[in-house]
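Heads up: the structure comes next, in structure tokens.
The values are calculated or read from the model by the stated rules, or taken from the named source; none is laboratory data. No experiment lies behind these values; they were computed from the predicted model shown. A quick note on method: Cβ atoms are made from the backbone with ideal geometry, for glycine too, and the neighbour counts reach across all protein chains shown. Accessible surface areas use protein heavy atoms only, side chains included; no ligands, DNA or RNA. Shrake-Rupley method; radii C 1.70, N 1.55, O 1.52, S 1.80 Å.
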Amino acid sequence: MIPALSLRNLTKVYKNGVTALHGIDLEVAPGDFFALLGPNGAGKSTTIGIVSSLVNKTSGTVRVFGHDIDTGLAAAKACIGLVPQEFNFNIFEPVVEVVVNQAGYYGIPRRLAFERAERYLTQLGLWERRHDQARMLSGGMKRRLMIARALVHEPRLLILDEPTAGVDIEIRHSMWSFLSQINAAGTTIILTTHYLEEAERLCRNIAIIDHGRIIENTGMRQLLNRMNSHTLVLDLVNPLDAVPELPGFIASRVDDHILEVEVSRDVNINMLFTALSARGIEVGSLRNKTNRLEELFIRLVGNKEDAA
Amino acid sequence: MNGREQYVAFKAILVKEVLRFARIWIQTLLPPMVTTALYFVIFGRLIGSQVGDVNGFRYMEYIVPGLILMAVITNSYANVVSSFYSSKFQHNIEEMLVAPVPNYLILLGFIGGGLARGLAVGVAVTGVALFFTPIPLHNLWVACSVLVLTSVLFSLAGFINGVYAKSFDDISLIPTFVLTPLTYLGGVFYSVAMLPTFWQSVSLANPILYMVDAFRYGLLGVSDVSLATAYAAVVGFVAGLFGFALHLLNRGYGVRA
Ligand SMILES: Nc1ncnc2c1ncn2[C@@H]1O[C@H](COP(=O)(O)OP(=O)(O)OP(=O)(O)O)[C@@H](O)[C@H]1O
Ligand SMILES: [Mg+2]
């Protein structure tokens, strides 16, 4: 099967001498919902920029559905829909024109372009605002405008660079279900985000990039299974003035009403409660300290930092 | 992209470019009409009446072709330089760069926009001129072809300026310090034959002189330099600048990191 995206030994050295990518290899299968994660400055946008030909690569190969960008650039471009990290439409253009013009650059006749603009702007809740200049949209609406624009030529590979940055919770949830639908209908999606809950919820495969190198590339489930412990936060009913002794658990006191307990994967939580009850500690409520992926991510990227 | 898709893509860029300047017509179409009217009042009517005939034409009539061409030059250039630079500044040039539309069509689309604005201004200014003086038409084909070629040439020049520009200052530098002086010294307000021999030969190094002269020939039927030289110069410049602009675009100069 031809991968939707295949990167081989991709490097990028910017003109100012910054090496953003140190030879990365990556493969994304057709139909996948793929997360590309990494801290600020890791090289995510650089990678996406090269794939969408907004950034010149220094060396390496990029293939989009088998089309090498060095030899079949136009064919590769036709496969990709891009939602960039920064707003990049003409703010004085009316919303509908932003979408219709973009369709034009892909050779889609105006009538069809209007039909699709109506469909996608409606789905993204922007059709009512179609005659407004793009600058009059709110930040979250501008992000959705860029999604509609990226879909207008019905790309096989949709690349979203932090599409939910600055988007409120309700809209974010509706964006998630929208993207899931698009993916279920067959579009391969690559997503970058700093909301790890989002990646955990949506994506099946994941790559973590740090300082221009891929430090992890695996299935979401495999990665999460690798977590051998997680931290629970307990809100206590009665104040506690010392860290209690809980055999088999590592506990720490945040304040007199909050206790954090690290629980390893092979231990049953019931045992924790048995130990707590034995000491007469009443627990009012309980939650995970961070989302699982977030905890893993911090460890992976953090370890790397210590090593460097 | 197949031929039909390319045609659609070109049309999309052209329509966008035309809408851009049409939407802000108060900034793009009105000012040249006002300026030209002022030129006619001051140079044509007030001063011109003291000057007497030039090459057998009243001064007012003599300066018409140059004034029209000057407006066309300035506006073609301004349209492309500001459109390209602002699409670089706002990054919406990326909308074209990510799409499979070939670079030569992107270039032609911007040039088409400059040409459309140049011609629109040309027509508007001619309309203004007709309030002041009748305008003869000696040779329609010469007049039209020179107008179009000149507009294309300065659209290309504006494009190249836009590619190199890194700030809003850079897009007014060339128009102020190169274009305006060359236009004023390009025989818009006088016949080069009126200059001392030394300055005549210096003037012949100014490409705008040839265009003004050829356009004046198209309208009035009088000229200082040969028509063939004028066409050769303009066509040569258009071909050279087109090749250079396309090269810059292919390399992604100023638009791709
Ligand atoms: N145009 C540029 N010129 C020079 N250096 C750049 C340029 N763009 C990015 N960089 C550098 O390349 C590195 C990678 O940046 P990149 O934008 O790819 O990171 P990112 O993973 O997308 O980060 P973020 O999560 O903050 O968006 C950084 O060190 C950045 O400063
Ligand atoms: Mg980024």
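For B:Thr36, the conditions (1) within 14 Å of chain A (Cβ to nearest Cβ); (2) polar (S, T, N, Q); (3) more than 23 Å from B:Leu173 (Cβ to Cβ) are fulfilled apart from (1).
In segment B:153-208, which residue that is open to solvent by 10 Å² or more (accessible area, probe 1.4 Å) and under 16 Å from B:Leu67 (Cβ atoms) is modelled with the highest pLDDT? Here the residue is B:Phe154. Restricting segment A:14-24 to residues that are more than 14 Å from every other protein chain (Cβ to nearest Cβ) and either within 18 Å of A:Ser52 (Cα to Cα) or basic (Lys, Arg) (or both), the residue that is farthest from ligand 2 (Cβ to nearest atom) is A:Gly23.
Being open to solvent by 10 Å² or more (accessible area, probe 1.4 Å), within 14 Å of another protein chain (Cβ to nearest Cβ), touching a residue at least 12 places away in the same chain (Cβ under 8 Å) and under 29 Å from B:Ala37 (Cα atoms), is that true of even one residue in segment B:106-113? There is at least one residue in segment B:106-113 that is open to solvent by 10 Å² or more (accessible area, probe 1.4 Å), within 14 Å of another protein chain (Cβ to nearest Cβ), touching a residue at least 12 places away in the same chain (Cβ under 8 Å) and under 29 Å from B:Ala37 (Cα atoms). Of all residues in segment A:204-219, none satisfies being in a loop (DSSP other than H, G, I, E, B) and free of Cβ contacts under 8 Å to residues at least 60 places away in the same chain.
Quick check: is even one residue across segment B:177-185 touching a Leu at 6+ places or on another chain (Cβ under 9 Å) and closer than 24 Å to B:Ile111 by Cβ? Please lay out each step first, then the result.
The initial filter retains those residues of segment B:177-185 that are touching a Leu at 6+ places or on another chain (Cβ under 9 Å), namely B:182-183, B:185.
Now drop any that are not closer than 24 Å to B:Ile111 by Cβ, which leaves B:182-183.
Yes, segment B:177-185 contains at least one residue that is touching a Leu at 6+ places or on another chain (Cβ under 9 Å) and closer than 24 Å to B:Ile111 by Cβ.
Of everything in segment A:14-31, what is of a type in the set (Val, Ile, Thr) and within 12 Å of ligand 1 (Cβ to nearest atom)? Give them in sequence order.
Result: A:Val18, A:Thr19, A:Ile24.
Restricting to segment A:183-203, name every residue that is assigned to a strand (DSSP E or B) and either under 30 Å from A:Ser277 (Cβ atoms) or more than 16 Å from ligand 1 (Cβ to nearest atom) (or both). Correct list: A:Thr188, A:Ile189. Taking the numbered list (1) closer than 30 Å to A:Ala78 by Cβ; (2) aliphatic (A, V, I, L, M); (3) within 14 Å of chain A (Cβ to nearest Cβ) in turn, B:Ala116 passes all entries but (3).
Residues A:Asp68, A:Asp32: which one is acidic (Asp, Glu) and over 28 Å from A:Leu293 (Cβ atoms)?
Going through A:Asp68, A:Asp32 in turn, the sole match is A:Asp68.
Filter segment A:164-182 for residues that are away from ligand 1 (no atom under 16 Å from the Cβ) and among the hydroxyl-bearing types (Ser, Thr, Tyr); which is nearest to A:Leu37 (Cα to Cα)? Taking the candidates together, the pick is A:Ser180.
Just to check your reading of the model, which residue among A:Arg143, A:Arg149 is in a helix (DSSP H, G or I), within 16 Å of ligand 1 (Cβ to nearest atom) and crowded, with 22+ Cβ neighbours inside 10 Å?
Numbers: A:Arg149 fails: within 16 Å of ligand 1 (Cβ to nearest atom).
The unique qualifying residue is A:Arg143.
Within segment B:19-45, residues that are more than 15 Å from B:Ser76 (Cα to Cα) sit with their Cβ atoms under 6 Å from residues that are surrounded by 13 or more Cβ atoms within 10 Å (Cβ to Cβ) and of a type in the set (Val, Ile, Thr), at 6+ positions apart or across chains, in these pairs: B:Thr36/B:Val125; B:Thr36/B:Val128; B:Ala37/B:Val128.
Could you list, in sequence order, all residues of segment B:209-227 that are among the polar types (S, T, N, Q) and surrounded by fewer than 18 Cβ atoms within 10 Å (Cβ to Cβ)? Once the filter is applied, which keeps residues that are among the polar types (S, T, N, Q) and surrounded by fewer than 18 Cβ atoms within 10 Å (Cβ to Cβ), segment B:209-227 yields only B:Ser226.
Okay, residues lined up against (1) exposed (fewer than 13 other Cβ atoms within 10 Å of the Cβ); (2) closer than 18 Å to A:Ser285 by Cβ; (3) of a type in the set (Lys, Arg):
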| site | (1), (2), (3) |
| --- | --- |
| A:Val233 | no, yes, no |
| A:Pro239 | yes, yes, no |
| A:Ile250 | no, no, no |
| A:Ile258 | no, yes, no |
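Checking each residue in segment A:88-119 for being part of a loop (DSSP other than H, G, I, E, B), open to solvent by less than 10 Å² (accessible area, probe 1.4 Å) and more than 7 Å from every other protein chain (Cβ to nearest Cβ) picks out only A:Glu93. In segment A:32-49, which residue that is more than 6 Å from ligand 1 (Cβ to nearest atom) and part of a loop (DSSP other than H, G, I, E, B) is farthest from A:Val62 (Cα to Cα)? Among residues in segment A:32-49 that are more than 6 Å from ligand 1 (Cβ to nearest atom) and part of a loop (DSSP other than H, G, I, E, B), the one farthest from A:Val62 (Cα to Cα) is A:Pro39. Helices (runs of 4 or more DSSP H) fully within segment B:175-257 that include at least 1 residues being within 14 Å of another protein chain (Cβ to nearest Cβ): B:227-251.
Of the residues A:Thr61, A:Thr11, only one is away from chain B (no Cβ under 11 Å), within 13 Å of ligand 1 (Cβ to nearest atom), in a strand (DSSP E or B) and not aliphatic (A, V, I, L, M); which?
Details: A:Thr61 fails: within 13 Å of ligand 1 (Cβ to nearest atom).
Criteria check complete, one pass: A:Thr11.
What residue, among those in segment A:64-82 that are outside any loop (DSSP other than H, G, I, E, B) and away from chain B (no Cβ under 11 Å), is farthest from ligand 2 (Cβ to nearest atom)? Let's see the steps before the verdict.
First pass over segment A:64-82, keeping only residues outside any loop (DSSP other than H, G, I, E, B): A:64, A:67-68, A:73-82.
Adding the requirement that they be away from chain B (no Cβ under 11 Å) leaves A:64, A:68.
Working: A:Val64: 20, A:Asp68: 25 Å.
Restricting to residues being outside any loop (DSSP other than H, G, I, E, B) and away from chain B (no Cβ under 11 Å), the top hit is A:Asp68.
Against the criterion of being over 21 Å from A:Phe89 (Cβ atoms), in contact (Cβ under 8 Å) with a residue 40 or more places away in the chain and open to solvent by 30 Å² or more (accessible area, probe 1.4 Å), B:Gly56 qualifies. Among the residues of segment B:95-105, those identified as under 25 Å from A:Leu160 (Cβ atoms) and in contact (Cβ under 8 Å) with a residue 24 or more places away in the chain are B:Met96, B:Leu97, B:Ala99, B:Pro100, B:Val101.
Applying the selection to segment A:120-131, what residues are surrounded by 13 or more Cβ atoms within 10 Å (Cβ to Cβ) and either within 14 Å of chain B (Cβ to nearest Cβ) or not in a loop (DSSP other than H, G, I, E, B) (or both)? Can you show your working first?
From segment A:120-131, those surrounded by 13 or more Cβ atoms within 10 Å (Cβ to Cβ) are A:120-127, A:129-130; that's our starting set.
Of everything in segment A:120-131, those that are surrounded by 13 or more Cβ atoms within 10 Å (Cβ to Cβ) and either within 14 Å of chain B (Cβ to nearest Cβ) or not in a loop (DSSP other than H, G, I, E, B) (or both) turn out to be A:Tyr120, A:Leu121, A:Thr122, A:Gln123, A:Trp127, A:Arg129.
Say whether the condition of being more than 14 Å from chain A (Cβ to nearest Cβ), open to solvent by less than 60 Å² (accessible area, probe 1.4 Å) and within 23 Å of B:Ala193 (Cα to Cα) is met by at least one residue in segment B:21-33. Taking every residue of segment B:21-33 in turn, none turns out to be more than 14 Å from chain A (Cβ to nearest Cβ), open to solvent by less than 60 Å² (accessible area, probe 1.4 Å) and within 23 Å of B:Ala193 (Cα to Cα).
Being near ligand 2 (Cβ under 9 Å from one of its atoms), surrounded by fewer than 20 Cβ atoms within 10 Å (Cβ to Cβ) and of a type in the set (D, E, K, R) is the filter here; which residues of segment A:25-54 pass it? None - no residue of segment A:25-54 is near ligand 2 (Cβ under 9 Å from one of its atoms), surrounded by fewer than 20 Cβ atoms within 10 Å (Cβ to Cβ) and of a type in the set (D, E, K, R), so the list stays empty.
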